[in-house]
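All remarks here apply to the structure that follows.
The values are calculated or read from the model by the stated rules, or taken from the named source; none is laboratory data. Note that the coordinates shown come from a computational prediction; the quantities given were computed from them, not determined experimentally. Backbone-built Cβ (ideal geometry, glycine too); neighbour counts: all protein chains shown. Note: areas computed on protein heavy atoms with side chains; ligands, DNA, RNA excluded. Shrake-Rupley method; radii C 1.70, N 1.55, O 1.52, S 1.80 Å.
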Amino acid sequence: MDLRNKIDIQYAKEYILLGVCAVLVLMFSAIAPGQFLNKGNLGTMARQIPELGLLSLAMMPVFLTGGTNLSNVATASLSGIVTAMVMSGLYGAGMGPGVSVFLALLAGLGVALLCGLFIGFGVAWMGVAAMLFTLATMTLFKGISMNLTQGAAVSGFPSGYYQFSRASLLGIPALMWLFGLTVLFMTLLMGHTAWGRCVYMIGCNPTVSEYSGIRVKHVLLKVYLLSAVMSFLAAVVMTSRYNSAKVDYGSSYLLQSLTACVLGGMDIKGGKGTVIGVVLAVVTLQVISSGMNVLGINRFFTDVTTGGILILALALNFFGERIRDNKIKK
């Protein structure tokens, strides 16, 4: 088998997803001509994709290890609220806008890393199942956020912070540049470094990885720290876009980030999946959401659609594995 055929097989799911996304774009463009592909709608999509995209990238490395991070949105919410409180407090006290933003971002990043460290310790060193432990930490982080804000929105930022979400370079929103650089970083990290290969190996077989000399616990801890950093970047995007921070911002993204990973070709058992697959899934989900919005379909139906897509993706993966297993047996 030559190199080209190997690449085609490796990225088969990505090619299919790219085709599905293209068909959806053409379909919505035909149904709503002049509305779906106009400058305003495309600009809105470009500013919404980074939120879900970053939270999906926060989920991806955990998925590769065979785990699930149900607290990625809660981590983003808590770190965003701390960022907002420090920023508004310092700026309101008369500190310069640049220093206020810088110190606030450091505080938010510190909180996100503490969240990732706590989750990593529970999963890697205590040995608690990732789904159960992150479900518990999701509740914990949400409770802390609620007590900090009493359910209210935190605002009062320097104007430059909000303008970041409205800025653009070469006609492309700054938020998309941030997301694009993050995608490039994750692609290089997961696909072209020894550490990235270790993550894949742990997802395939953690026991064999341990005997191969991989420090599984340390790798898992770094995976959750990386996930926390991605969640923090999502928090920066959301607080900048909304010019405030609140507990329930991005609450719908938990299901959507899970869907993006599964739809993007990741195996829930671990060891399989690519960054480009997740990105294509995020874009596809955004196309569906924006298309439904243009057509005037109730926005609450989005969760129904997302849940249906997740079930369909899981079913296709299940039957695909059964077919491959039967071929191997024969």
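Somewhere in the stretch 175-191, is a residue open to solvent by less than 40 Å² (accessible area, probe 1.4 Å), of a type in the set (Val, Ile, Thr) and either in contact (Cβ under 8 Å) with a residue 60 or more places away in the chain or under 24 Å from Gly53 (Cβ atoms) (or both)? Before you say what the answer is, go through the steps one by one.
Initially, the stretch 175-191 is screened for residues open to solvent by less than 40 Å² (accessible area, probe 1.4 Å), giving 175, 179-180, 182-183, 186, 189-190.
Subsequent filtering for residues that are of a type in the set (Val, Ile, Thr) retains 182-183.
Then keep just the ones that are either in contact (Cβ under 8 Å) with a residue 60 or more places away in the chain or under 24 Å from Gly53 (Cβ atoms) (or both); that gives 182-183.
Looking for residues that are open to solvent by less than 40 Å² (accessible area, probe 1.4 Å), of a type in the set (Val, Ile, Thr) and either in contact (Cβ under 8 Å) with a residue 60 or more places away in the chain or under 24 Å from Gly53 (Cβ atoms) (or both), one finds at least one in the stretch 175-191, hence yes.
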Single match in Leu169, Leu114, Leu148 (criterion: open to solvent by 70 Å² or more (accessible area, probe 1.4 Å), closer than 18 Å to Ala58 by Cβ and of a type outside the set (S, T, N, Q)): Leu114
Which condition number does Tyr162 fail, the rest of (1) surrounded by fewer than 15 Cβ atoms within 10 Å (Cβ to Cβ); (2) modelled with pLDDT under 90 being met? (1)
Determine, yes or no, whether Ile214 is among the aliphatic types (A, V, I, L, M), without any contact (Cβ under 8 Å) to a residue 40 or more places away in the chain and buried (at least 17 other Cβ atoms within 10 Å of the Cβ). yes
Every residue from the stretch 62-80 that is farther than 15 Å from Leu254 by Cα and part of a helix (DSSP H, G or I): Leu64, Ser79, Gly80
Given the condition under 25 Å from Gly203 (Cβ atoms), open to solvent by 20 Å² or more (accessible area, probe 1.4 Å), at pLDDT 90 or above and outside any loop (DSSP other than H, G, I, E, B), answer yes or no: does some residue in the stretch 81-101 qualify? no
What number of residues within the stretch 253-278 satisfy the criterion of being closer than 30 Å to Gly156 by Cα and open to solvent by 50 Å² or more (accessible area, probe 1.4 Å)? 0
Limited to the stretch 22-74, what total is found for residues that are more than 30 Å from Val219 (Cβ to Cβ), among the small types (Gly, Ala, Ser) and open to solvent by less than 10 Å² (accessible area, probe 1.4 Å)? 1
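Which one is farthest from Val82 (Cα to Cα) among residues in the stretch 124-134 that are within 21 Å of the chain's Cα centre (by Cα) and surrounded by 15 or more Cβ atoms within 10 Å (Cβ to Cβ)?
Once the filter is applied, the top-ranked residue is Ala130.
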Can we say Phe121 is open to solvent by 70 Å² or more (accessible area, probe 1.4 Å), touching a residue at least 60 places away in the same chain (Cβ under 8 Å) and of a type in the set (A, V, I, L, M, F, W, C)? yes
